[in-house]
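Worksheet for the structure shown next.
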Amino acid sequence: MFDSVGSVAMRSALDALSLRQRVIADNIANAQTPGFLAGRVSFEDELAAAVERGDGSVRGTVERSLEPTRPDGNNVNLDTETLSNVDTNLRYQLAIRSVDGSFSAIRTAMRTS
């Protein structure tokens, strides 16, 4: 089960993964927009540091990618976005299952008391 730091950290992770999903969708939607630079969401290192401090609360940050651009100034790579989307969805599902498992344990404990 999660302690208070763990539950705050899990909520922060879910929020950041959700943000990452929205940024990936925005990247894909703008794949043909001249001059558009893909967004990237990072939070994992900050989250690990926050948990070490006993905090667990972080926000995902969106930064524009500095990867090379095409002649039209756009740097969205659909292969990269597709893989990132699959990875993010799997991480989100794993986090949700972890939270669900914790709540299931609490429900079970409440029923047997």
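Points worth noting:
- So G6, is it out of contact with any helix residue (DSSP H, G or I) (no Cβ under 7 Å at 6 or more places or on another chain), small (G, A, S) and in contact (Cβ under 8 Å) with a residue 40 or more places away in the chain: yes
- Residue check, V58 more than 16 Å from the chain's Cα centre (by Cα) and buried (at least 18 other Cβ atoms within 10 Å of the Cβ): no
- Of residues in region 1-34 being at pLDDT 95 or above and basic (K, R), the one surrounded by the most Cβ atoms within 10 Å (Cβ to Cβ): R20
- Set L37, L66: member being out of contact with any helix residue (DSSP H, G or I) (no Cβ under 8 Å at 6 or more places or on another chain), of a type outside the set (D, E, K, R), at pLDDT below 95 and more than 16 Å from R11 (Cα to Cα): L66
- Among the residues listed as A9, A16, the single one being closer than 30 Å to M110 by Cβ and touching a Gly at 6+ places or on another chain (Cβ under 8 Å): A9
This table checks each residue for (1) closer than 25 Å to S4 by Cβ; (2) surrounded by 15 or more Cβ atoms within 10 Å (Cβ to Cβ); (3) at pLDDT 90 or above; (4) in contact with a Ser or Thr (Cβ under 6 Å, 6 or more places away or on another chain).
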{"site": "A49", "(1), (2), (3), (4)": "yes, no, yes, no"}
{"site": "S84", "(1), (2), (3), (4)": "no, yes, yes, no"}
{"site": "T88", "(1), (2), (3), (4)": "no, yes, yes, no"}
{"site": "A95", "(1), (2), (3), (4)": "yes, yes, yes, no"}
{"site": "A105", "(1), (2), (3), (4)": "yes, no, no, no"}
{"site": "T112", "(1), (2), (3), (4)": "yes, no, no, no"}
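- Unmet criterion (only one of (1) within 17 Å of F36 (Cα to Cα); (2) in a helix (DSSP H, G or I)) for P68: (2)
- Among the residues making up region 25-50, those that are among the β-branched types (V, I, T) and over 16 Å from the mean Cα position of the chain (by Cα) are I28, T33.
- Residues that are touching a Ser or Thr at 6+ places or on another chain (Cβ under 7 Å), within 19 Å of I96 (Cβ to Cβ) and among the hydroxyl-bearing types (S, T, Y) do occur in region 10-28.
- When residues of region 71-82 are limited to those that are of a type outside the set (A, V, I, L, M), assigned to a loop (DSSP other than H, G, I, E, B) and out of contact with any Pro (no Cβ under 9 Å at 6 or more places or on another chain), the one surrounded by the most Cβ atoms within 10 Å (Cβ to Cβ): N77
- For L47, the test of being assigned to a helix (DSSP H, G or I), of a type outside the set (F, W, Y) and in contact with a Phe, Trp or Tyr (Cβ under 6 Å, 6 or more places away or on another chain) is failed.
The values are calculated or read from the model by the stated rules, or taken from the named source; none is laboratory data. All values derive from a computational prediction rather than experimental measurement. Neighbour counts are summed over all protein chains in view; Cβ atoms, including those assigned to glycine, are modelled from backbone coordinates with ideal geometry.
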